[in-house]
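Since every read-out is calculated from the coordinates, none of them should be taken as a lab result. Treat the numbers as computed from the prediction; the structure is a model and nothing was measured. No Cβ is skipped: glycine too gets one built from the backbone with ideal geometry, and neighbour counts run over all protein chains shown.
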Amino acid sequence: MSMLVFMPWCRIDRAYKVGDIDILPLNRHGTINGLDDAAQCSVNTVMAAYKTIEGKPVDRATLISYASKSLIDDLNEDEVETVHELAAVACFCGLAKREYFNSLGPYCNSDCFTLYIQKFTKADFTALTIRRREGRTLSVWPIGDIAITVPVHCHAIENVSLDEELLKALVAHRAQTNSDKLVRWQNAISCFNQANTDNDSIRYQMEWVLLCSAFEHLLGAKPKAEDVSSKLAQTMVPKDSLPASNANRRSDKWPAKGQSLCYEWMREFYRIRGDFAHGGLNTQQPAMWKPLEHLVLGTIAFPLLVKSLLSKDSKYILTNKDRAQIDCFEKFADTDNFLNPPPNQQGSLDSHWRRLLDECESTSIREAVIRSLEEMRVQSSVSNEE
């Protein structure tokens with residue numbers, strides 16, 4: 001029996017190597033390297049069951065191959081588990097590359113990376129595994145009778161790309177990290193991915209709990225708001241931190257401890273998480289940020305935290321864009337109604353986030369030029385003295 005591992009809703013832009021797996025773009029009208037005509041025909045037949053919202057077979061998708069095996073070789077349980085684990089890493093690197101408040105920038109959600117594994121024989125019939133609470137059932141269907149339609153929230157995403165430098169760093173981290181820390185990172189990334197489906201059936205309270213769990217696991221923090229907040233503020237450090245006491249968004253109920261706004265934001269975010277984690281759909285706790293504002297801030301901050309931790313381990317070099325995002329995060333969190341366009345919006349792509357990023361990136365470039373000129377001046381001075 002043959003096996004096909006694929007992501008039918010992921011229109012990946014090119015091939016990526018992720019540890020033991022290769023993520024490969026599929027064009028049903030093109031050729032598939034490594035497969036003969038009969039095998040390629042079988043793959044196209046299987047993929048024809050996955051439809052667009054118009055009911056047509058998807059023309060682009062993503063295939064996954066394991067190690068040196070063929071795209072349709074059978075995998076054992078351990079190999080399947082590895083595929084799921086590494087696909088989650090790839091998913092995270094897609095989410096980390098998203099641009100917010102920019103309808104023309106790269107964007108995806110974790111449901112784009114939904115993984116299907118189908119066993120088939122001669123592509124006439126396929127085995128579908130259906131999950132139940134108490135286990136799983138297996139049913140065999142004629143391939144021509146199956147129609148599985150793309151989720152609406154994945155339909156409009158035309159191209160998916162991954163942050164390749166982050167991907168390389170995470171693969172290296174996975175290979176060099178002890179098992180306990182690796183499990184924490186796997187859990188954290190899984191929680192973040194599950195909180196970013198864009199599926200309307202997932203309530204924001206669940207996303208809230210998952211995001212807070214992601215921060216807690218990644219930081220190795222105690223399940224206490226103060227510990228998670230302290231570790232975050234000590235790791236994701238901007239060039240000029242904004243004291244909470246100087247912020248526009250500040251509360252008289254915050255303890256006067258000289259903490260940063262990042263600390264106070266996470267303390268509030270994690271504190272409210274307790275209400276949702278214990279079954280509440282609402283909270284009566286005072287909050288300086290609205291629910292969607294909290295979720296946006298958490299979603300922006302988590303990949304930056306991952307990059308900051310990898311940078312401290314010398315596995316990743318923060319880019320100018322990374323640094324700009326870290327530097328302007330607190331200013332963004334301090335902006336009133338930052339989800340809405342600026343009052344004097346200049347074009348549809350203008351946003352509070354974009355303005356702050358542009359300002360921080362410009363400052364970073366100017367400072368880099370000044371440092372470079374100063375280094376050249378010093379070198380020239382030394383040469384003249386010699």
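Key figures
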{"read-out": "Conditions (1) free of Cβ contacts under 8 Å to residues at least 40 places away in the same chain; (2) in contact with a strand residue (DSSP E or B) (Cβ under 9 Å, 6 or more places away or on another chain); (3) of a type outside the set (F, W, Y); number of the one not met by S241", "value": "(1)"}
{"read-out": "Condition check for S213: within 22 Å of the chain's Cα centre (by Cα), surrounded by 17 or more Cβ atoms within 10 Å (Cβ to Cβ) and small (G, A, S)", "value": "yes"}
{"read-out": "Any hit, region 45-59, residues being more than 23 Å from V150 (Cβ to Cβ) and of a type outside the set (D, E, K, R)", "value": "no"}
{"read-out": "Subset tally (residues that are touching a Leu at 6+ places or on another chain (Cβ under 7 Å) and without any contact (Cβ under 8 Å) to a residue 60 or more places away in the chain) for region 109-126", "value": "0"}
{"read-out": "Members of region 272-295 found to be more than 19 Å from R203 (Cβ to Cβ) and of a type outside the set (A, V, I, L, M, F, W, C), listed by number", "value": "P286"}
{"read-out": "Residue that is nearest to A175 (Cα to Cα), among those in region 285-327 that are without any contact (Cβ under 8 Å) to a residue 40 or more places away in the chain and crowded, with 18+ Cβ neighbours inside 10 Å", "value": "D322"}
{"read-out": "Per-region count, region 236-268, residues of a type outside the set (D, E, K, R), over 19 Å from L211 (Cα atoms) and out of contact with any Pro (no Cβ under 7 Å at 6 or more places or on another chain)", "value": "14"}
{"read-out": "Tally of residues being assigned to a helix (DSSP H, G or I) and within 14 Å of W9 (Cβ to Cβ) across region 43-67", "value": "1"}
{"read-out": "Residue satisfying all of: in region 264-314; part of a helix (DSSP H, G or I) and polar (S, T, N, Q); nearest to C91 (Cα to Cα) among these", "value": "T299"}
{"read-out": "Top-ranked residue of region 18-42 - restricted to ones that are outside any loop (DSSP other than H, G, I, E, B) and either among the polar types (S, T, N, Q) or free of Cβ contacts under 8 Å to residues at least 40 places away in the same chain (or both), ranked as surrounded by the most Cβ atoms within 10 Å (Cβ to Cβ)", "value": "L26"}
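Here is a yes/no grid of residues against (1) assigned to a loop (DSSP other than H, G, I, E, B); (2) β-branched (V, I, T); (3) over 28 Å from D36 (Cβ atoms):
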{"site": "F92", "(1), (2), (3)": "no, no, yes"}
{"site": "E99", "(1), (2), (3)": "yes, no, yes"}
{"site": "P106", "(1), (2), (3)": "yes, no, yes"}
{"site": "A127", "(1), (2), (3)": "no, no, no"}
{"site": "E158", "(1), (2), (3)": "yes, no, yes"}
{"site": "A172", "(1), (2), (3)": "no, no, yes"}
